[in-house]
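Engineer: The structure's right below; bear with me while I get my questions together.
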Amino acid sequence: MVNTPEQFVEIQKAALETFQAVALKSVEGFEKLAELNIQAIKATLSESSDHIKSALNIRDAKSLGDLAGLGLQPAVDKLGAYARHVYEIGTETGSEIAKILEKQFADGNKQFTAAIDELGKNAPAGSEGVVTMVKSAVSAANSAFDQVNKAAKQAVELAEQNIAAATKTATAARPAAAKKAA
């Protein structure tokens, strides 16, 4: 319970620090994504230039067909790697932000519970039922939040497992497809 202006200022400072931490984590994620995109653009420009030079040096149709076949699989592999990196950056950034917000929620919950306890101590006689009801409602809300949070984490874990399985399957299928093409 906020009894003094100093307590109010401390609560505001904590909220500002949380906001700043979330903003910094977001910016770090954007920086990583920008760096990945810059690397991808540089690599694509270099490879495109090499591919065009090779195409200009072709003297027969068979060589042209060979060149076209050589460029496709590495491009697919690179696209898959790029998508995995983007996913990893997003997942890492989201996890870090979630940790910050969970801590803020837990701290706020402690303060709210302390305020309810203080209210219960200073409540007029006969209002114990209302205080008990409020405590029960807060407990139920916290329990519901915990269940939703656990379900969300399980969904993320399942999605990560599915992505890993799909990547493994695609990686295993690549050599078989290359043998068929040859």
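Engineer: Which condition from (1) in a helix (DSSP H, G or I); (2) touching a helix residue (DSSP H, G or I) at 6+ places or on another chain (Cβ under 6 Å) is the one that Ile58 breaks?
Structural biologist: Exception for Ile58: condition (1).
Engineer: Now, a different point. Is there a residue being surrounded by 13 or more Cβ atoms within 10 Å (Cβ to Cβ), at pLDDT below 80 and under 25 Å from Lys25 (Cα atoms) anywhere in segment 146-154?
Structural biologist: Yes, that holds for at least one residue.
Engineer: Filter segment 15-43 down to the residues that are in contact (Cβ under 8 Å) with a residue 24 or more places away in the chain and within 30 Å of Gln73 (Cβ to Cβ), then identify the one that is surrounded by the fewest Cβ atoms within 10 Å (Cβ to Cβ).
Structural biologist: Ala43
Engineer: While we're looking at this one, here's another question. Report whether or not Asp77 is at pLDDT 80 or above, over 21 Å from the mean Cα position of the chain (by Cα) and farther than 30 Å from Val22 by Cα.
Structural biologist: Taking the combined requirement at face value, the residue satisfies it.
Engineer: I need the full set of residues from segment 95-115 which are in contact (Cβ under 8 Å) with a residue 24 or more places away in the chain, of a type in the set (A, V, I, L, M, F, W, C) and under 15 Å from Lys25 (Cα atoms), in order please.
Structural biologist: Of everything in segment 95-115, those that are in contact (Cβ under 8 Å) with a residue 24 or more places away in the chain, of a type in the set (A, V, I, L, M, F, W, C) and under 15 Å from Lys25 (Cα atoms) turn out to be Ile97, Ile100, Leu101.
Engineer: Return the residues of segment 115-147 that are of a type in the set (S, T, N, Q), more than 15 Å from Phe105 (Cα to Cα) and assigned to a helix (DSSP H, G or I); say none if nothing qualifies.
Structural biologist: The initial filter retains those residues of segment 115-147 that are of a type in the set (S, T, N, Q), namely 122, 127, 132, 136, 139, 142-143, 147.
When the remaining residues are screened for being more than 15 Å from Phe105 (Cα to Cα), the result is 122, 127, 132, 136.
Result: Asn122, Thr132, Ser136.
Engineer: Scanning segment 44-96 for residues that are over 30 Å from Ala152 (Cα atoms) and among the hydroxyl-bearing types (Ser, Thr, Tyr), which turns out surrounded by the most Cβ atoms within 10 Å (Cβ to Cβ)?
Structural biologist: Going through the qualifying residues, I end up with Ser54.
The values are calculated or read from the model by the stated rules, or taken from the named source; none is laboratory data. On a predicted model such as this, the values are computed, not experimentally measured, just so you know. In this analysis, Cβ positions are derived from the backbone assuming ideal geometry, glycine residues included, and neighbour counts consider all displayed protein chains.
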